[in-house]
1. Any idea which of L145, L72, L134 is touching an Asp or Glu at 6+ places or on another chain (Cβ under 9 Å) and crowded, with 16+ Cβ neighbours inside 10 Å?
2. Pick out the one residue from R30, R58 that is at pLDDT below 95, closer than 30 Å to R176 by Cβ, surrounded by 12 or more Cβ atoms within 10 Å (Cβ to Cβ) and not hydrophobic (A, V, I, L, M, F, W, C).
3. Please state which one of A81, A96 is aliphatic (A, V, I, L, M) and in contact with an Asp or Glu (Cβ under 8 Å, 6 or more places away or on another chain).
4. Does Q70 fit the bill of being under 27 Å from the mean Cα position of the chain (by Cα) and modelled with pLDDT of 95 or more?
5. Return the residue satisfying two criteria in turn: it lies in segment 148-172 and is of a type in the set (K, R) and under 15 Å from V68 (Cβ atoms), and of such residues it is surrounded by the most Cβ atoms within 10 Å (Cβ to Cβ).
6. For segment 16-32, name all the residues that are among the small types (G, A, S) and touching a residue at least 24 places away in the same chain (Cβ under 8 Å).
7. Here is a list: K118, K129. Which entry is of a type outside the set (A, V, I, L, M, F, W, C), part of a helix (DSSP H, G or I), modelled with pLDDT of 95 or more and more than 30 Å from L63 (Cβ to Cβ)?
8. What number of residues within segment 33-55 are surrounded by fewer than 11 Cβ atoms within 10 Å (Cβ to Cβ) and touching a residue at least 40 places away in the same chain (Cβ under 8 Å)?
Amino acid sequence: MRYTQENLIRSQNQRSASENLREKIDSALRCIIGSVHGQFVTVNNALQTRINEVTNARDNLRLSLRKVTQELYEVENLIGALKKTTDDKIQPLKVAQTRLKERTRRINVEICYDQPMKTLQTEVLELRKTIEELKNNRRNANITLARLQKSRTSLEQEIETKENSLSIDQRCLSMRKSFPIKDKYGSLYAIPVSY
């Protein structure tokens, strides 16, 4: 009977210690679950913030791309107009040069430096100067066109990168929405808290 009594006391002590240990484990698990959930919420909020920032950046890049595309259109039109204007000036230059050449072929008294001759020389010089200015403007416009095309390509690549980042972040966020994760051990929140 004495052994039975000792076994009962030892059994009660073990059960009491076991219950104490279970309470400490339950408390630790609750603390861990709260911490994990808090971190889960923090990460989800940070991910959502990043998605919003990347979306805004992508939208700004799209706006810039629209502006660059419009500028490209305008510069291409300007180049076409400059080419047409240059071409339109070449024929009058040829006519003026021919007239000037014919006047300089005159002989003796007929060759004179009169007002029509001065006007023809001035006209030829002005037409050459105008054509040269138009060609310079066209070269500058072509440089601008190349710069804009490079800028457009760069913007398109940046937009593609932002789209890819957004796709990845949105997939991650949608996967995270299925928390708590259930695995072979059960849900994180399905941990027993009392017996």
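1. It is L145.
2. R30
3. Residue meeting the stated conditions: A96.
4. yes
5. Among residues in segment 148-172 that are of a type in the set (K, R) and under 15 Å from V68 (Cβ atoms), the one surrounded by the most Cβ atoms within 10 Å (Cβ to Cβ) is R152.
6. Once the filter is applied, which keeps residues that are among the small types (G, A, S) and touching a residue at least 24 places away in the same chain (Cβ under 8 Å), segment 16-32 yields nothing.
7. That would be K129, the only listed residue that is of a type outside the set (A, V, I, L, M, F, W, C), part of a helix (DSSP H, G or I), modelled with pLDDT of 95 or more and more than 30 Å from L63 (Cβ to Cβ).
8. The total comes to 0.
The values are calculated or read from the model by the stated rules, or taken from the named source; none is laboratory data. Because the structure is predicted, anything quoted here is derived from the model rather than measured. Cβ atoms come from the backbone with ideal geometry, glycine included; neighbour counts cover every protein chain shown.
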